[in-house]
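First comes the structure, then the notes that go with it.
Values quoted throughout were computed directly from the atomic coordinates according to the rules given, and no laboratory measurement underlies them. Here the structure is a predicted model, which means the values were calculated and not measured. Here the Cβ positions follow ideal geometry from the backbone for every residue, glycine too, while neighbour counts run over all protein chains shown.
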Amino acid sequence: MADSVDAAKRDSRRSKEALRLLREQMAVLRSISSSCRNHAELYEQVVQLQELLQAELLASGLLEQWAGLLLTVTEARSTDAALSELERSVRSALADVLRDFCFRLPRASRSQLPTGPNLSFLMSCHIVSACADLECGGGGEGGTYGMPPAFRLPFQSYMLSSSLAAWADAVKAERQRLLAALGMETPAAMLSGCPLRALYRRELSLLQQQQGQDGREGQQPPAETDAAAVRELEAARQRLELSATPPLNTTATFELCMRLAGAAMATAAETPELATGAGPSSSGGSHGQAAACGLSAKGVLDLAAMSLQCGRAALAGEEALREPHLPPALAARLGRWWELFAAAVTAAARLKLTFFEAVTYMGCLFVHLCAHPGPATQPSAGVAAALGAGCLRCLASLLPLVLRPGFESELDTYISTFFIYGDTWMQLLAFGETTETVSLVAAVAEALALHTAAPTQPHAAGTMAAAAEAEQACHFASTFFGSLLLYKLWQPGLSLPPHPSGAAGAANAVCAAGAAAGYLPSGDRAERLAAVASVVVARLLPEMARLLQGLLQRLHAGALDDRQLDSVRVLLMDLLRMVPWPAVGLARSSGALGEARQSADGGGGSNDDRAGSGGESSERSGGGDTGSGGGGDSAAAESWRQLLLVERLPTFLPPEEWERLVQWSGLLLPPVRARELVSG
């Protein structure tokens, strides 16, 4: 008995010494990292120091050793209070170190996971324990996937975020490495949809073939095989072994991340900030569990978003999700992921998000939408799953938060980032439900109206900042619905190609010429894009004009600086580039289109041209409807419209651009009908 007590004391003493040494090592690393942050002006020296530190961590395997020591101490389950406190302190320090490394030295953590069982298992313990904590303490076998009770670890938000980020980075890096190694045999789109475990088997088989082995257990490589090749083969074997568990077991990683995100969502739904029709139970249960974890509703939703991003990395590579079709099992998992992600974003939008938080969610949404660049006859699997899960409704809930007054002139820095997703944006509009796509236009128009309604005293306090915000909001609208929609439809070769079956009904005659040129879509896609373009012309364009008018008034009053002056000029040009759309719609509905085209051709327009301007395509754009022709306008006003917008327009536009507008005008709805789409 005495011997066992003495042995326990010795073990406790050794554990304390090891943990103190571990804490000192971490303190050194944290001080180096802090120096890098505090001396950002010495950029080159800081980069060299970070590269040196990263290389040292990779060569030494220090993170793996630390994780192994922590697991050993954790498994011992000592009753020594001082040791337990020291263990908590070291675990917290490791969480801080990993958090710093994930953002500043990402290779140091992600590169050790494929060959580091201790680090992988420690991260798994934290994530599984967090699932159990958020599920109200499910500490049994079902709650922890059979994880030994000794490894049930306390909730640490830093450790969770670092672990999820490291897992995602490791999976992405391994998938890209394997695609490069195996891509000569199989298309990347097919490989990136496979679990890593299957790819590791193929990699090991390929290496064995290259080194003259037949793959039998225990067989030694030929003597001429160099040491580097032997190490490469052993590393491949180790990666295959570790792919039995997360994060390299990507199927298990996906399911674990979905479980964590689902538990976080359920917890957030019961918090006072999100609970609807809250009764007495809304202040307890999951809310109490969230409070016990030290998280608010926003913090729990952030955790759900991080977990979903990790799950998305484990699901498949971008190359696979850009394809129009996926294997059924992968398609089902992708649909589940988008449903939960859409629910998380929608719930987050109900909170008082800052501009940065809202635009970050919006950026994440676009990042996860995978589409091939250029025109598409059908949506990618990623876009189709997103649309089915309510992606457009998520965007409609985020746009007012991003565009509302008070975002402190930060929007312009993100517009150029969103611009690179132009082809994805076109797929959303072309294949999404019309009621949902036009709601995006309405949301932007309502946000612009808030800027227009803001106080306009030229020299009042905050006027300069308010004008900058209004200008950037208008720039956002002109980018998304001008540059990324109307201009793309106008330009040759950038819109959707014709459907093999051709257009149906009245749209057939309208689409024929454009479809032959390859720039006008047909069928349902053309109908949906034309509906969005119609609402842009009828609802958004007038709101942009009103806002621009207010900015011009401030400009004339001397309330704008030089930079804003240049921005207003650009906006004015953007607006003028959108004006031909309503002009051509007016031309067709007023019956003057044939005369205008004949004038543009020098009087040589054909009878078909004149017939096309007032025949079945005029029925498409309204026929006898009075929404866009003359209506209640006086003859004088109508003559001015025709003079300025119809008869003179062909003079300013090259013939090829005029013809493209003519084709689209057959699909445009009159403003009165376009407004009905928004009002329902």
Can you give me the Cα centroid spacing of the range 409-447 and the range 72-92 in angstrom? 51
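Taking the Cα centre of the range 153-208 as origin and charging only Cβ (+1 Lys, Arg; -1 Asp, Glu), how large is the dipole, in debye to the nearest 20?
Working: 6 positive and 4 negative charges, 17 e Å.
Using Cβ point charges on Lys, Arg, Asp and Glu, the range 153-208 gives about 80 debye.
Suppose the chain between ALA465 and VAL230 were pulled fully straight at 0.36 nm per residue; how much longer would it get relative to their current alpha carbon spacing?
On the way: separation 235, 0.36 × 235 = 84.60 nm, distance 6.36 nm.
So the chain would gain 78.2 nm between ALA465 and VAL230.
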Tabulate in residue order the Karplus-calculated ³J(HN,Hα) for the range 373-382, using 6.51 cos²θ - 1.76 cosθ + 1.60 with θ = phi - 60°, rounded to whole Hz; enter x for Gly and Pro. x, x, x, 8, 8, 8, x, 5, 4, x
Among 13-21, 114-122, how do they line up from the highest to the lowest mean number of other beta-carbon atoms within 10 Å? 114-122, 13-21
Distance in nm between ARG563 and GLU676 label points, each 7 Å along Cα→Cβ, equals 4.7
Pair GLN209, GLN50: separation of 7 Å Cα→Cβ label points (nm): 4.0
Taking the highest mean first, how do the peptides 568-581, 310-323 order by number of other beta carbon atoms within 10 angstrom per residue? 310-323, 568-581
Report the label-to-label distance for ARG350 and ILE415 in nanometres (one decimal), using points 7 Å from each Cα along the Cα→Cβ vector. 3.3
Just subtract the alpha-carbon distance of SER89 and TYR43 from 0.36 nm times their residue separation and send over the number in nm, one decimal. 13.3 nm
Compute, for the range 312-360, the length of the dipole vector about the Cα centre, with Cβ point charges of +1 (Lys, Arg) and -1 (Asp, Glu) only. Units Debye, rounded to 20. 220
